[in-house]
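Trainee: Before I ask anything, here is the structure I am working with.
What follows is calculated from the coordinates using simple rules that are stated; it is not laboratory data. Owing to the predicted nature of the structure, the values given are computational and were not obtained by experimental measurement. In this analysis, Cβ positions are derived from the backbone assuming ideal geometry, glycine residues included, and neighbour counts consider all displayed protein chains.
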């Protein structure tokens with residue numbers, strides 16, 4: 001274990017982790033990022049249209065700009081997975097597969113992974129009709145027929161958003177009852193262009 005003590009160790013290389021690293025560097029804090037990839041779910045977005053200063057920008061391009069800014073501030077980056085974090089007195093001990101480091105503070109920016117259907121050709125159609133972010137990509141479905149898969153809040157609110165943009169919205173759910181907040185379900189039931197397909201699963205994308 002090195003005797004060096006970092007001010008901040010950041011776990012995660014998505015927009016939250018990169019932003020945190022930029023703030024830390026500007027405050028002259030000795031900082032290191034641990035990540036196995038950059039961008040998180042943002043990098044999968046075909047277009048990002050709600051980031052101030054850009055009318056639209058691809059998720060990959062926005063990720064690259066964030067990385068470039070972090071590197072310009074000489075932030076250390078390790079492409080390693082953190083396997084353990086523990087605290088000894090006032091210092092955190094962080095273990096990876098190859099090293100052990102100490103830090104005064106930890107930022108967990110581990111993000112989330114969107115659930116996928118794991119269907120053949122799903123990756124091929126990403127950005128070409130298949131999307132994982134209604135907020136990001138809803139306008140691409142203006143006056144079109146679109147399906148949303150799922151039955152919880154994320155799916156129902158996505159269907160509500162799309163109902164104001166698309167011609168027709170199918171909400172496809174594998175169970176017989178939606179699990180979303182009752183208020184969202186009530187709002188959905190008032191949408192004439194939304195149809196819920198219960199006990200239904202997608203088996204193929206063409």
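Trainee: Quickly work out the residue 125-to-residue 36 label distance, labels modelled 7 Å from Cα along the C-beta direction, and quote it in nm with one decimal.
Mentor: So the two model labels end up 2.7 nm from each other.
Trainee: Which angle between 0 and 90 degrees, to the nearest 10, do you get for helix 153-163 versus the longest principal axis of the chain when only C-alpha atoms count?
Mentor: For helix 153-163, the angle is close to 50 degrees.
Trainee: OK, next. Region 5-108: D in µm²/s via Stokes-Einstein (Kirkwood Rh, Cα pairs, 4 °C, 1.567 mPa s)?
Mentor: 91 µm²/s
Trainee: In nm, to one decimal, how far is the modelled label at residue 102 from the one at residue 191, with both set 7 Å along Cα→Cβ?
Mentor: 5.5 nm
Trainee: While we're here: Is region 115-206 rounded, prolate or oblate when judged by the Cα gyration tensor, a ≥ b ≥ c being the square roots of its eigenvalues, rounded requiring a/c under 1.5 and prolate requiring a/b larger than b/c?
Mentor: Here region 115-206 falls in the oblate category.
Trainee: Can you give the direction-averaged projected area of the convex hull of the alpha-carbon atoms in the chain, in nm²?
Mentor: Reported value for the Cα convex hull: 14.7 nm².
Trainee: Given the peptides 167-177, 75-85, 35-45, arrange them by the average over their residues of other C-beta atoms within 10 Å, most packed first.
Mentor: Averaged packing, sorted descending, gives the order 35-45, 167-177, 75-85.
Trainee: Tilt of helix 15-26 relative to the longest C-alpha principal axis of the chain, in degrees (0 to 90, nearest 10)?
Mentor: The answer is roughly 30 degrees.
Trainee: Simple spin-label model, 7 Å along Cα-to-Cβ: residue 152 to residue 183 in nm?
Mentor: So the two model labels end up 1.9 nm from each other.
Trainee: Kindly express, to the nearest 10 degrees and within the range 0 to 90, the angle between helix 59-72's C-alpha long axis and the longest C-alpha principal axis of the chain.
Mentor: Relative to the chain, helix 59-72 is tipped by roughly 10 degrees.
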